[in-house]
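The values are calculated or read from the model by the stated rules, or taken from the named source; none is laboratory data. Bear in mind that the values here come from a model prediction, so they are computed numbers and not experimental data. All Cβ positions, even for glycine, are placed from backbone atoms using ideal geometry, and neighbour counts span all protein chains on display. These accessible areas exclude ligands, DNA and RNA; they are computed on the full protein's heavy atoms, side chains included. Shrake-Rupley method; radii C 1.70, N 1.55, O 1.52, S 1.80 Å.
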Amino acid sequence: MKKQLMVVDDSRVMELQIRKLLEGSDFEVSAYCENGEEAITRYAELRPDVVTMDIIMPGIDGLEAAQIILQENPEAKIIMISSLAYDDTLHEARAIGTKAFLCKPIDREGLLKALEAAMA
């Protein structure tokens, strides 16, 4: 059975790109959320194996959403995916407890490596 991935990104293009990158892998996208509020609600309902989370989104941003999900579900595995690869952003993501940080644009090898590391 494939591991379930929830993609959180305000860009549908990113969700479709992740689906394509995961073809033939042990992972599949089982849910897509366009913002942090939806991610918090859907995580509680679906309990996916892993979450990819953008940072810049309308409403609650990805860092805040990740923090809330991890406070309520310490076992959650969240990978941040963003074009905001600044030292302070990376530090904040690590401090929250996310498993990895990928810089956009992402590639198949980097995504799969991050997903497998998060699951380990």
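A compact table of results
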quantity	calculated
Highest-fluctuation residue, Val13, Val29, Val51 considered, GNM on the chain with Cα pairs under 10 Å	Val13
Note, ³J(HN,Hα) from phi for segment 18-26, Karplus 6.51, -1.76, 1.60, rounded to Hz, x at Gly and Pro	4, 3, 5, 5, 8, 3, x, 9, 8
Computed FRET value (nearest 0.05) for Arg19 with Ala44, which takes r as the C-beta separation and R₀ as 25 Å	0.60
Where GluC sites (Glu not before Pro) fall in DSSP loop in segment 1-72, at most 13 other Cβ within 10 Å	Glu23
Extension gain (nm, one decimal) between Glu75 and Ile56, 0.36 nm per residue minus Cα-Cα	4.5 nm
The chain - accessible surface per residue (Å², probe 1.4 Å)	52
Karplus-derived HN-Hα couplings along segment 95-102 (A = 6.51, B = -1.76, C = 1.60, θ = phi - 60°), whole Hz, x at Gly and Pro	4, 5, x, 5, 8, 6, 9, 10
Relative contact order [Cα under 8 Å, 6+ residues apart], segment 1-110, whole percent	24
Distant-in-sequence amide H partners of Ala31 (H built 1.01 Å from N, under 5 Å)	Leu5, Val7
Note, ³J(HN,Hα) from phi for segment 53-68, Karplus 6.51, -1.76, 1.60, rounded to Hz, x at Gly and Pro	9, 6, 9, 7, 8, x, x, 5, 6, x, 5, 5, 4, 4, 4, 5
Within the accessible area of the chain (1.4 Å probe), percent carbon and sulfur	50
